[in-house]
Amino acid sequence: MAELKSIEDVGLKSTKTQAEVCPLCAGTGWKTLPARAPKDNDRSDSINDNNKDRRVTRCDCRLRARAQSLLAAARIPKRYDDCELSNFEFEESHSRLAPARMAACRFVEEYPVNKVGLLLVGKAGRGKTHLAVGIAKALIREKGVECVFYDYADLLKEIQDSYNPSVQATELGLLGPVFKAEVLVLDDLGSVRPTEWRWDTIRLILNTRYNDSLTTIITTNFADEPAAGAVDADAPRVSESFETARAAARGDTLGDRIGERMRSRLHEMCRIVKMEGEDFRQNFRSASFR
């Protein structure tokens, strides 16, 4: 009886395996495209040649499997599971975000013909991370593009922790995906105060990707403006006391946080997309207390 049971189990497994085989490609990973209609000047005997115009393409089952694998490896935090381009709000009170959403959709459509990245700039709560994650998911699902997500502050901390001898990870091992991913999403650039080491690190990351012609999508809460003390030859001249007062009142800019050289490099690597409008988070909190 034990032997009979084992044979039955084998039969059930075989049936299940057959049921799981894709009906389009029969498990080969390739599906046949419809044959081309014969042209008028084709020889008559070619009409009956079934293999002459046979063409194949990757089956949808393999594309879905690759997309699932790429999504699992993309490091997108679980809190962004629901972030998609399709559910990004850009109507009514958020209508000022419509150009940003349009730029994101165009980016996906044009990739990889146009591989210039995006720099999403705006105050906190404008949906920058939602849009960046939505772009990455669309590239993975629609085009099978390898994308990887890193939070700027978390990445720097991981690299610093790798210097500890008791930590298994190495700096090279951590930076490998950052350097090599076809599309890198770098979230919240400039979120930690700059130091020489942090400037050197972001310079290494951005320059490596720039030199290798890889696409980078960046979000930042800091205005895309020069660092304090940066000289603008076209700016009107003001007194030293006025400049001192203005510097004291101003908030940090992207130039302050990553340095003017890297800000200039970003302008070569990315299209600037300004995200303006109301704070999604503030609206959510207000609605919660009604």
Task: Any strands (runs of 3 or more DSSP E) falling wholly within the range 50-162 and containing at least 1 residues that are closer than 30 Å to Arg257 by Cα and touching a strand residue (DSSP E or B) at 6+ places or on another chain (Cβ under 9 Å) - done: 117-121, 147-151
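One line per residue, one yes/no per condition, for (1) of a type outside the set (A, V, I, L, M, F, W, C); (2) within 20 Å of Pro77 (Cα to Cα):
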{"residue": "Gly125", "(1), (2)": "yes, yes"}
{"residue": "Lys128", "(1), (2)": "yes, yes"}
{"residue": "Ala138", "(1), (2)": "no, yes"}
{"residue": "Cys147", "(1), (2)": "no, yes"}
{"residue": "Leu155", "(1), (2)": "no, yes"}
{"residue": "Gln168", "(1), (2)": "yes, no"}
{"residue": "Glu171", "(1), (2)": "yes, no"}
- [ ] Return the residue satisfying two criteria in turn: it lies in the range 89-116 and is in contact (Cβ under 8 Å) with a residue 12 or more places away in the chain and either crowded, with 21+ Cβ neighbours inside 10 Å or charged (D, E, K, R) (or both), and of such residues it is nearest to Thr216 (Cα to Cα).
- [x] Lys115
Open item on the list: So, Gly134, is that one in contact (Cβ under 8 Å) with a residue 40 or more places away in the chain, buried (at least 22 other Cβ atoms within 10 Å of the Cβ) and on the phi > 0 side of the Ramachandran plot or not?
Closed with: no
- [ ] For the range 59-74, name all the residues that are surrounded by 13 or more Cβ atoms within 10 Å (Cβ to Cβ) and either in contact with an Asp or Glu (Cβ under 6 Å, 6 or more places away or on another chain) or in contact (Cβ under 8 Å) with a residue 24 or more places away in the chain (or both).
- [x] Cys59, Cys61, Arg62, Leu63, Arg66, Ala67, Leu70, Leu71, Ala73, Ala74
Open item on the list: When you scan the range 216-235, do you find a residue that is modelled with pLDDT of 95 or more, part of a helix (DSSP H, G or I) and crowded, with 19+ Cβ neighbours inside 10 Å, even just one?
Closed with: no
- [ ] Identify the residue in the range 65-96 that is touching a Phe, Trp or Tyr at 6+ places or on another chain (Cβ under 8 Å) and at pLDDT below 95 and, among all such residues, is farthest from Leu186 (Cα to Cα).
- [x] His94
Task: Selection from the range 265-290 of residues that are surrounded by 11 or more Cβ atoms within 10 Å (Cβ to Cβ), charged (D, E, K, R) and at pLDDT 70 or above - done: Arg265, Arg271, Lys274, Glu276, Glu278, Asp279
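Could you check how many residues of the range 137-179 are of a type outside the set (D, E, K, R) and crowded, with 18+ Cβ neighbours inside 10 Å?
Restricting attention to the range 137-179, the residues satisfying the condition of being of a type outside the set (D, E, K, R) are 138-140, 144-145, 147-150, 152-153, 155-156, 159-160, 162-170, 172-179.
If we keep only those that are crowded, with 18+ Cβ neighbours inside 10 Å too, we end up with 138-140, 145, 147-150, 152, 155-156, 159, 175, 178.
So the answer is 14.
The values are calculated or read from the model by the stated rules, or taken from the named source; none is laboratory data. Model, not experiment: these values are computed from the prediction. Here the Cβ is made from the backbone with ideal geometry for all residues, glycine too, and neighbour counts use every protein chain on show.
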